[in-house]
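Notes to accompany the following structure.
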Amino acid sequence: MSPDRWSDPEAVSTAASVLGPRARIDAPLGALTTSRVGGPAAVAFEANSPADLQRVRTARKASGLGVMVIGRGSNLLVADRGFEGIALFLGEAHGEIEIDQTDATVTAGASVALPVLARQCASAGIGGLEWAVGVPGSVGGAVRMNAGGHGSDMASCLLDAGIVDLNGWDAPPRIVSHQVDSLALDYRRSGLTDSDVVLRARLQGQPTSPRVAMDRIAEIVRWRRENQPGGQNAGSVFMNPPSESAGAQIDQAGLRGLRIGSAEVSRVHANFIVSDPGGTAADVVALMEEIRRRVTEHSGVVLQPEVRMVGFEDSPTPA
């Protein structure tokens with residue numbers, strides 16, 4: 001496809017040329033997120049080796065385009081105009097899971113789906129990671145944003161993470177192991193920058209009965225089906241403020257079911273926005289702004305987005 005729809009078609013062409021024949025111009029991006037709204041990426045590329053990551057690093061420097069690592073597309077809202085940068089996908093080479101029964105540790109590649117991780121660990125008699133079955137993201141994304149739920153999070157079980165720095169100069173890129181204490185994990189955030197690419201994580205579990213662990217997983221899955229909506233949504237839209245959950249704040253402001261265009265505050269859980277098929281990211285953002293305005297007016301609480309917004313005018317520019 002042509003790069004001419006972008007503001008800097010020469011930069012897009014340069015990036016695609018450096019990345020080689022596997023690069024895709026005008027690649028679907030919004031459609032791959034769990035909200036399924038938003039436009040394409042200027043360039044998309046799947047990395048399965050250090051050489052691939054070196055190509056991404058070189059393309060970034062040659063073109064001046066930003067790079068954004070895409071996991072499973074949860075907790076991500078892409079603007080309708082798309083993302084004028086390089087969308088980096090980590091392929092099957094980063095999808096392995098290794099379980100060490102002797103010390104109940106698990107090493108997982110960044111592209112591993114968290115529900116898959118939780119179920120495999122439970123089946124192997126490794127507990128403590130059951131919470132991950134309810135988070136529809138990837139291991140790499142979970143490290144970056146300290147994903148969590150059901151009373152736990154990555155900070156509670158992460159030992160270390162293997163990370164490549166796209167700002168580095170070593171070729172091929174060197175994977176550096178970072179201990180959890182150096183990652184500055186906090187509520188739905190970390191100290192990682194957009195130039196840091198998480199490739200693997202080592203997690204600490206606890207020996208348990210597979211039956212007990214699988215029962216806990218079934219309980220979490222059942223709770224989520226009863227208390228969270230299906231359909232097109234990006235998960236929790238706002239971070240919980242210190243005082244009370246974001247969902248409760250939105251509920252108390254009487255906003256459950258509020259609709260703007262193709263986007264609606266979920267009637268099942270008020271901290272979710274559900275999009276209609278064929279909906280737009282613009283409607284989601286407009287609804288988010290209206291929610292924030294009305295909650296602040298009602299309670300004085302200023303809600304902060306948990307969902308990562310990409311390609312919008314005031315979005316942070318990926319490295």
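The values are calculated or read from the model by the stated rules, or taken from the named source; none is laboratory data. Computed from a predicted structure; not experimentally measured. FYI the Cβ positions are ideal-geometry reconstructions off the backbone, even for glycines, and counts take in every protein chain you see. SASA here: full protein model, heavy atoms, side chains in, ligands and nucleic acids out. Shrake-Rupley method; radii C 1.70, N 1.55, O 1.52, S 1.80 Å.
With the structure loaded, tell me whether ARG256 is outside any helix (DSSP H, G or I), without any contact (Cβ under 8 Å) to a residue 24 or more places away in the chain and surrounded by 15 or more Cβ atoms within 10 Å (Cβ to Cβ) or whether it fails that test. First the steps, then the outcome.
Numbers: outside any helix (DSSP H, G or I): yes; without any contact (Cβ under 8 Å) to a residue 24 or more places away in the chain: yes; surrounded by 15 or more Cβ atoms within 10 Å (Cβ to Cβ): yes.
It is true that ARG256 is outside any helix (DSSP H, G or I), without any contact (Cβ under 8 Å) to a residue 24 or more places away in the chain and surrounded by 15 or more Cβ atoms within 10 Å (Cβ to Cβ).
Quickly run through region 32-84 and pick out the residues that are under 16 Å from the mean Cα position of the chain (by Cα) and hydroxyl-bearing (Ser, Thr, Tyr).
Passing the criteria: THR33, THR34, SER35, SER74.
Among residues belonging to region 102-127 that are assigned to a loop (DSSP other than H, G, I, E, B) and of a type in the set (S, T, N, Q), point out the one that is most open to solvent (accessible area, probe 1.4 Å).
Filtering region 102-127 for residues that are assigned to a loop (DSSP other than H, G, I, E, B) and of a type in the set (S, T, N, Q), the one most open to solvent (accessible area, probe 1.4 Å) comes out as THR102.
Kindly indicate the residue of region 191-220 that is in contact with a strand residue (DSSP E or B) (Cβ under 9 Å, 6 or more places away or on another chain), open to solvent by less than 60 Å² (accessible area, probe 1.4 Å) and part of a loop (DSSP other than H, G, I, E, B) and also nearest to SER245 (Cα to Cα) among those meeting that condition.
LEU192
Since GLN249 meets every condition but one in (1) out of contact with any Phe, Trp or Tyr (no Cβ under 7 Å at 6 or more places or on another chain); (2) surrounded by fewer than 16 Cβ atoms within 10 Å (Cβ to Cβ), which condition does it not meet?
Going through the list (1) out of contact with any Phe, Trp or Tyr (no Cβ under 7 Å at 6 or more places or on another chain); (2) surrounded by fewer than 16 Cβ atoms within 10 Å (Cβ to Cβ), GLN249 breaks only (2).
Just one of (1) in a loop (DSSP other than H, G, I, E, B); (2) open to solvent by 40 Å² or more (accessible area, probe 1.4 Å) trips up ALA282, so point out which.
(1)
Residue by residue through region 286-309, note down the ones that are assigned to a helix (DSSP H, G or I) and surrounded by fewer than 21 Cβ atoms within 10 Å (Cβ to Cβ).
ALA286, GLU289, GLU290, ARG292, ARG293, ARG294, THR296, GLU297, HIS298, SER299
Taking the criterion of being out of contact with any Cys (no Cβ under 7 Å at 6 or more places or on another chain), open to solvent by 50 Å² or more (accessible area, probe 1.4 Å), under 25 Å from SER190 (Cβ atoms) and touching a residue at least 60 places away in the same chain (Cβ under 8 Å), would at least one residue in region 310-317 satisfy it?
yes
Checking VAL112 against (1) among the β-branched types (Val, Ile, Thr); (2) in contact (Cβ under 8 Å) with a residue 12 or more places away in the chain; (3) more than 24 Å from PRO229 (Cα to Cα), which test does it fail?
With respect to (1) among the β-branched types (Val, Ile, Thr); (2) in contact (Cβ under 8 Å) with a residue 12 or more places away in the chain; (3) more than 24 Å from PRO229 (Cα to Cα), VAL112 is out only on (3).
Determine which member of the set SER243, SER266, SER262 is hydroxyl-bearing (Ser, Thr, Tyr) and out of contact with any strand residue (DSSP E or B) (no Cβ under 8 Å at 6 or more places or on another chain).
Answer to the selection: SER243.
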